[in-house]
Each structure stands twice: as structure tokens, then as C-alpha cells.
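Structure, as C-alpha cells:
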Amino acid sequence: MTLDETDPEVHELIQSEERRQRDQVRLIASENYASEAVREATGSVLTNKYSEGYPGKRYYRGQENTDSVENLARDRATELFGADHANVQPYSGAIANLAMYHALIDVDDTILGMGLPYGGHLTHGWGVNFSGQLYDAHHYAVDEETERLDFDDIREKAKEVDPEIVMCGASAYPREIPFAKFAEIAEEVDAHLVADIAHISGLVAAGVHDDPVPHSDVVTTTTHKTLRGPRGGMILCRDELASDIDRAVFPTLQGGPPMHAIAARAVAFREADRPAFREYAEQIVANSRTLADAFRSRDYRLVAGGSDNHLLLIDLMASRDMGGKKASGVLEQAGLVCNANAIPYDPRSPMDPSGIRLGTAAVTTRGMEEDAMRQIAAWIDRALDAADDDDELDSIRREVRELCRDYPLWTP
Ligand code: DSN
């Protein structure tokens with residue numbers, strides 16, 4: 001029986017979510033539209049199989065298909081990223097990072113990562129997260145003037161705290177990350193370099209962003225952001241760390257691997273290995289730059305002055321005297337979905353920060369290009385000007401829906 005027959009309530013919610021994803025402009029930098037092939041694999045019978053262990057070393061019988069699926073995913077991942085070894089089992093990016101820490105260091109060892117308020121991630125040592133509670137976590141910021149990574153400051157901090165891990169990578173940093181510079185610093189303080197490329201892994205896979213793999217001991221990522229696969233995490237590492245990483249994922253942290261999601265990762269890695277994906281990644285960046293130009297020309301202040309990747313951060317307090325919470329609510333009413341985001345050195349609370357974060361990965365998947373970006377910037381500006389005018393916001397929402405009709409959801 002189909003879902004609409006067995007559970008009309010859940011079926012209707014999924015249909016409603018599909019309409020929402022179709023009719024709105026999705027600007028959340030960590031979201032994308034996975035292909036039908038990826039979703040077919042995600043919903044396959046592989047969800048029924050227990051496969052604790054790794055290919056050729058499982059605890060249960062009946063693994064002739066799952067072993068092949070996981071080997072395909074691992075081989076495609078290592079080829080796509082030029083890595084020695086891939087663990088494709090992590091349930092999420094946070095679990096991938098937890099496994100990475102467990103494999104490389106002991107509890108109470110020192111880590112140095114980008115502070116959450118400056119664009120870093122919870123799992124890079126923030127106090128409310130396991131990474132800030134289990135380890136002696138220290139942070140670097142961005143330069144207060146340029147809002148860019150300041151390698152003199154990072155080097156100084158690294159020498160001061162003498163970390164076992166230098167963590168680089170970000171969730172809200174709009175500029176390219178020069179991984180070789182981090183590698184120099186990690187080497188100077190005899191630390192592991194770990195790059196968390198969750199946001200930019202699609203750009204890295206396509207070769208349009210600096211490649212962390214040659215410089216890092218371990219690279220962690222999610223698979224569902226710019227990489228456009230199913231939800232989940234992955235760890236790439238040097239050969240000599242492979243068995244420690246694998247042991248940390250299973251049996252230390254996880255049980256049975258999500259074989260349906262691993263199959264979907266294999267599908268996504270193949271999709272990302274095609275010339276069309278490189279064009280897609282180039283267009284993500286072109287769209288982000290066009291969006292940045294359109295906002296600059298309307299006198300919005302952009303954190304770090306613009307964008308080199310898939311995202312931009314707008315300082316809305318400086319630009320329109322409006323907090324990010326209100327702005328993201330107004331924009332949602334107009335069919336433009338994004339998130340409120342702290343800006344570096346934000347004087348406001350994380351629940352109502354000074355900025356919003358916009359990303360171009362999902363809209364680019366729909367086929368939107370520069371003209372659509374200029375239109376989106378114009379709508380955002382109009383909506384913020386009309387923050388308390390429900391009629392105007394409804395009118396923008398209708399225009400947004402019209403534009404979305406021209407860009408059907410992606411079919412491979
Ligand atoms: N929640 C993701 C993001 O939006 O950046 C990171 O975990």
C-alpha cells in the first residue's frame with residue numbers, strides 16, 4: 001500500500017513540504033535539492049538491512065549487495081576528493097566531527113577552531129557542544145576590520161595554546177579559505193590539521209574552491225549542502241589514520257550504518273564527478289557574487305565585503321536598522337526563506353542577531369542564474385522596506401511563486 005493510503009496525515013505533510021520547497025526561493029546556505037536518483041536510493045530497501053562493520057568485515061550475513069554499495073561509495077568518494085581513505089557511514093556532520101576527535105585525541109586535549117560567533121560551527125569547540133565540553137577548546141576570530149581570517153592572529157593563538165588539533169572550516173564565512181596557510185600553522189605547532197568542509201564540499205569536489213585534502217590529516221563534511229547528496233556525514237583521511245577513524249565511527253560511536261543513505265551518497269558522488277556538476281558549482285559562485293553586487297549597489301553592508309563561495313552575510317542592523325530575526329520572518333512571509341545569523345563581533349544575542357545569511361546552492365540547482373539573483377535582491381530589498389505591510393509582502397510572495405514556476409525542481 002502506498003503512503004497516501006496507509007498514512008494520509010504524513011503523506012499530506014510531505015506533499016505540503018514539496019509545495020513549500022517548490023513555491024519559495026530557498027536561500028538557506030546549508031540546504032539544497034537532492035536529485036530524484038539520490039532520493040530513490042534513500043527510500044530504497046537498503047533501509048531494511050543491518051550491516052554493522054565494514055565491507056568484508058560484517059557481523060551479520062547477507063551482505064553481498066551492501067558490501068558492494070559501501071565499496072562503491074568509498075571508492076567514488078576517494079576518487080572525487082583525491083583522498084586516501086573515506087568513511088561514508090557517519091549519520092551526520094556532527095557525528096563525523098565527534099568521531100574525528102575521538103580518533104585523533106584524548107579527552108581534555110587542546111583544540112583550536114574558529115569561534116561560532118565569527119562563522120565557525122558548534123562542533124568546533126563551542127561550549128554548549130560536546131566538543132567544547134570534552135576538550136580544552138580555544139578559538140580564533142576574524143579580523144575586526146576586514147572580517148577575514150587573520151593568519152598572524154591564528155598563528156599567535158596556536159603558539160599560545162599549543163593545540164593537538166587545528167580545526168579550519170566554517171558555517172558562515174563568505175570568503176575562500178586558504179588551507180595551505182592553516183597547514184603551515186598546524187605544522188609549526190605540531191598539530192593535526194582538520195578541515196571541516198561541510199558547506200563547501202561541492203565547490204571543492206568541482207575544483208572551484210581551494211582543495212583542503214592535500215593539506216589536511218582529516219577532512220570532514222556533510223553530504224547534503226553544496227555537494228547535493230542525501231543528509232549525512234563523511235570523513236576523508238590519510239591512510240595511516242584510516243583504521244583509527246573507522247574504529248571511532250564503528251563500534252565506538254555508531255551502530256548499524258545507514259545503508260540506504262550510503263547508496264544515495266554513492267549516487268551523489270557520481271553526479272558530482274560529471275562536468276555538469278562543475279558548471280553547477282561555478283554558477284553557485286557566480287550567483288553568490290551577483291547577489292552580493294546587487295546588495296552592495298543598494299548600500300547594504302556585507303560581512304567581509306562580499307562572497308567567494310555559496311553564501312553571503314548581510315549586516316542588516318547597519319544596512320536597514322533591523323535585526324535578523326524580524327528580517328528573516330518578513331522575508332519568509334514574502335516567500336524568500338533564509339536564516340538570521342550573527343555577524344562577527346555581533347553586539348546582539350544569537351536569538352536575534354544583526355544579520356541574515358543567504359546561500360545560492362539550492363536556487364542554482366533550480367537553474368536560476370544572474371538575472372534571477374538580481375530579482376531576488378530586489379525582492380528582498382522591497383520586502384524589508386515593506387516589513388509591516390502584509391499586502392505588499394503577499395504581493396511579493398505571488399511574484400516569487402511565478403518565478404519559481406519557471407524553474408521546476410531539478411530532474412537529472
Ligand atoms: N546547520 C548547518 C548550517 O546551517 O550551517 C550547520 O550545521
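The values are calculated or read from the model by the stated rules, or taken from the named source; none is laboratory data. Predicted model, so just to flag it, every value in this text is computed and none were measured. No Cβ is skipped: glycine too gets one built from the backbone with ideal geometry, and neighbour counts run over all protein chains shown. Accessible surface areas use protein heavy atoms only, side chains included; no ligands, DNA or RNA. Shrake-Rupley method; radii C 1.70, N 1.55, O 1.52, S 1.80 Å.
Here are the numbers:
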| read-out | value |
| --- | --- |
| V10 among the hydrophobic types (A, V, I, L, M, F, W, C), within 30 Å of D246 (Cα to Cα) and either away from the ligand (no atom under 16 Å from the Cβ) or more than 27 Å from the chain's Cα centre (by Cα) (or both) | no |
| Strands (runs of 3 or more DSSP E) contained in region 115-226 and holding at least 1 residues within 16 Å of the ligand (Cβ to nearest atom) | 165-168, 192-196, 218-222 |
| Single match in V213, V128, V204, V166 (criterion: surrounded by fewer than 24 Cβ atoms within 10 Å (Cβ to Cβ) and in contact with a Phe, Trp or Tyr (Cβ under 8 Å, 6 or more places away or on another chain)) | V213 |
| Exclusive hit being in contact (Cβ under 8 Å) with a residue 24 or more places away in the chain and touching a Cys at 6+ places or on another chain (Cβ under 6 Å), set H85, H124 | H85 |
| Number of the exception - I356 against (1) open to solvent by 30 Å² or more (accessible area, probe 1.4 Å); (2) within 23 Å of S288 (Cβ to Cβ); (3) out of contact with any Lys or Arg (no Cβ under 8 Å at 6 or more places or on another chain) | (1) |
| From D391, D371, D406, residue being under 28 Å from Y173 (Cα atoms) and out of contact with any helix residue (DSSP H, G or I) (no Cβ under 8 Å at 6 or more places or on another chain) | D371 |
| Those residues of region 245-260 which are buried (at least 17 other Cβ atoms within 10 Å of the Cβ) and closer than 20 Å to L46 by Cα, in sequence order | V249, F250, Q254, P257, P258, M259, H260 |
| Residue in region 62-74 that is more than 16 Å from the ligand (Cβ to nearest atom), open to solvent by 60 Å² or more (accessible area, probe 1.4 Å), touching a His at 6+ places or on another chain (Cβ under 7 Å) and modelled with pLDDT of 95 or more present | no |
| Only listed residue being under 30 Å from S44 (Cβ atoms) and buried (at least 16 other Cβ atoms within 10 Å of the Cβ), chosen from A294, A263, A304, A276 | A263 |
| In region 105-123, the residues that are open to solvent by less than 30 Å² (accessible area, probe 1.4 Å) and either touching a Lys or Arg at 6+ places or on another chain (Cβ under 6 Å) or closer than 18 Å to V189 by Cα (or both) | I105, T110, I111, L112, G113, M114 |
| Pairs with Cβ under 6 Å, 6+ apart, first in region 294-305 and within 16 Å of M317 (Cβ to Cβ), second of a type in the set (S, T, N, Q) | Y300/S319; R301/S319 |
| Pick from region 381-412, criterion aliphatic (A, V, I, L, M) and touching a residue at least 60 places away in the same chain (Cβ under 8 Å), ranking: surrounded by the fewest Cβ atoms within 10 Å (Cβ to Cβ) | L409 |
| Top-ranked residue of region 351-373 - restricted to ones that are farther than 21 Å from P408 by Cβ and away from the ligand (no atom under 15 Å from the Cβ), ranked as modelled with the highest pLDDT | S354 |
| The one condition in (1) free of Cβ contacts under 8 Å to residues at least 12 places away in the same chain; (2) open to solvent by 50 Å² or more (accessible area, probe 1.4 Å) that E370 fails to fulfil | (1) |
